[in-house]
Amino acid sequence: MDRPTWEVADVFRRYGETYRNKYGASMSQAQRRVMTAIEVCRTAALGGHLERCDQCGHERNCFNSCRDRHCPKCQSLARAQWVEDRQAELLEVGYFHVVFTVPQEIAAIAYQNKELVLGILFRVTAETLRTIAADPKHLGAEIGFFAVLHTWGSNLQFHPHLHCVVPGGGLSPDGQRWVSCRPNFFLHVRVLSRLFKRLFLEALKTAFDAGKLQFLHSLEPLREAIVFARQLAKMKACDWVVYAKQPFAGPQQVLDYVGRYTHRVAISNNRLLDIEGDQVQFKWKDYRNGGQVKTMTLSAVEFIRRFLMHVVPNGFHRIRYYGFLGNRHRSHKLAECRRLLGMHAAEHPAEPPKPETEYRERYQGLTGRSLRQCPHCQQGQMVKIAVLPRAVVTSSRGINSS
């Protein structure tokens, strides 16, 4: 794949100071770290090494990555490692992709209370799926699944939703049978939607009563109990969107497809079209008009603001596992699933890479693509010949990344 002409880092480096001057007082510590990490990623500020081709003598500087999970350039290795780790967990059944989202009014509250409300989104989604699946009228089984949080729409506005990937069936209550769902059908989305809405609004009301929600700026009126109750009633009256995408063609397609979701950031570099005159142009899909690909132009400051809206709190897990895929009982439960499905026992997973394993070796081992091949002659291998120390950073912001 050709290297993108423009990168998110270019926007941050050109207009970051302007943004800080305007919004610095309202930026969270996490946003500050992410912004600085992206600015210095793969620059002399982080140090690196000098490489030379063992055939043609071509030399290049290779600067270190920031490894921040919000950086568009630093997700390839993490994504490849995740896919490899999940490979051994695939079952020989159909898989379904179910998406849970919330109304825009809830999204506004979630933005000002990310850790709490996004945590509610995970918890309620899991309870909804597990409750309906356990009901004998629907499936009558213990299911397992993982959920991936995305907080953005294609236009970079705040739009929190969960992508859930679920095997098509589960363990019977006594653990002695595998209960399969109907072909090409998992659970009724209307039933899921109603329970999801009820549980979410109950959890939000509980958080309000406990004084755990903050309301700033345009949301300040919601501090009043009567106004908040009125907003909940409005949300109860509207439809909440839960939808099931087309079932996957097979277990392998699950990883090929979902691997693109797990470590995605708000916008990838290849969507940027131009940066000029304090303006940023990028491609986006207008899903309200049949998914048409359009061009959006924002001021650079507004582009940065929208990007930073999607920085999650430090330590917040964007991928979570439930049911028989839950971390505590995963190995035992998966072994039972394989036995009941007549599958071969899973091979022992490969040992995790040693800390000293070089990034390029790990990347090639996981993806099959070499980062050592000489870009000039395409024949030789790039060999490290010198260490490049970190450059002295004079900015008071430092270069720490999350």
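Considering every residue within the range 74-83, establish whether at least one is at pLDDT 90 or above, open to solvent by less than 30 Å² (accessible area, probe 1.4 Å), not in a helix (DSSP H, G or I) and not basic (Lys, Arg).
No, the range 74-83 contains no residue that is at pLDDT 90 or above, open to solvent by less than 30 Å² (accessible area, probe 1.4 Å), not in a helix (DSSP H, G or I) and not basic (Lys, Arg).
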(Q) Looking only at the range 84-129, filter to residues that are acidic (Asp, Glu) and surrounded by fewer than 18 Cβ atoms within 10 Å (Cβ to Cβ); which one of those is farthest from the chain's Cα centre (by Cα)? (A) 92
Q: Can you work out which of the residues in the range 302-329 that are among the basic types (Lys, Arg) and out of contact with any Phe, Trp or Tyr (no Cβ under 6 Å at 6 or more places or on another chain) is most open to solvent (accessible area, probe 1.4 Å)?
A: 328
Q) Any idea how many residues of the range 266-280 are more than 17 Å from residue 150 (Cβ to Cβ) and part of a loop (DSSP other than H, G, I, E, B)? A) 2
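Each row is one residue, and each column tells you yes or no for (1) in a helix (DSSP H, G or I); (2) at pLDDT 95 or above.
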site: 282; (1), (2): no, yes
site: 296; (1), (2): no, yes
site: 310; (1), (2): no, yes
site: 314; (1), (2): no, no
site: 322; (1), (2): no, yes
site: 332; (1), (2): yes, no
site: 337; (1), (2): yes, yes
site: 344; (1), (2): no, no
site: 347; (1), (2): no, no
Q) Can you name the condition, by its number, that residue 146 falls short on among (1) within 30 Å of residue 302 (Cα to Cα); (2) within 14 Å of the chain's Cα centre (by Cα)? A) (1)
Q: Identify the residue in the range 269-280 that is open to solvent by less than 60 Å² (accessible area, probe 1.4 Å) and touching a helix residue (DSSP H, G or I) at 6+ places or on another chain (Cβ under 8 Å) and, among all such residues, is farthest from residue 104 (Cα to Cα).
A: 275
Q: Quick one: which residue in 67, 86, 60 is within 30 Å of residue 186 (Cβ to Cβ) and among the basic types (Lys, Arg)?
A: 86
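Residues checked against (1) open to solvent by less than 50 Å² (accessible area, probe 1.4 Å); (2) touching an Asp or Glu at 6+ places or on another chain (Cβ under 7 Å); (3) under 27 Å from residue 109 (Cβ atoms); (4) free of Cβ contacts under 8 Å to residues at least 12 places away in the same chain:
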site: 201; (1), (2), (3), (4): yes, no, yes, no
site: 223; (1), (2), (3), (4): no, no, yes, yes
site: 235; (1), (2), (3), (4): yes, yes, yes, no
site: 238; (1), (2), (3), (4): yes, no, yes, no
site: 244; (1), (2), (3), (4): no, no, yes, no
site: 267; (1), (2), (3), (4): yes, no, yes, no
site: 282; (1), (2), (3), (4): yes, no, no, no
site: 285; (1), (2), (3), (4): no, no, yes, no
site: 291; (1), (2), (3), (4): yes, no, no, yes
Q) Can you tell me which residue in the range 246-265 is modelled with the highest pLDDT, limited to those that are crowded, with 18+ Cβ neighbours inside 10 Å and hydrophobic (A, V, I, L, M, F, W, C)? A) 265
Q: Check off (1) within 29 Å of residue 372 (Cβ to Cβ); (2) assigned to a helix (DSSP H, G or I) for residue 22 and give me the number that stays unchecked.
A: (1)
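I'd like to know if the range 6-15 contains one or more residues that are within 30 Å of residue 198 (Cα to Cα) and touching a helix residue (DSSP H, G or I) at 6+ places or on another chain (Cβ under 6 Å).
No; the residues of the range 6-15 include none that is within 30 Å of residue 198 (Cα to Cα) and touching a helix residue (DSSP H, G or I) at 6+ places or on another chain (Cβ under 6 Å).
The values are calculated or read from the model by the stated rules, or taken from the named source; none is laboratory data. All values reported here derive from a predicted model rather than from experimental measurement. Here the Cβ is made from the backbone with ideal geometry for all residues, glycine too, and neighbour counts use every protein chain on show. Ligands, DNA and RNA are excluded from the accessible area calculation, which covers all protein heavy atoms including side chains. Shrake-Rupley method; radii C 1.70, N 1.55, O 1.52, S 1.80 Å.
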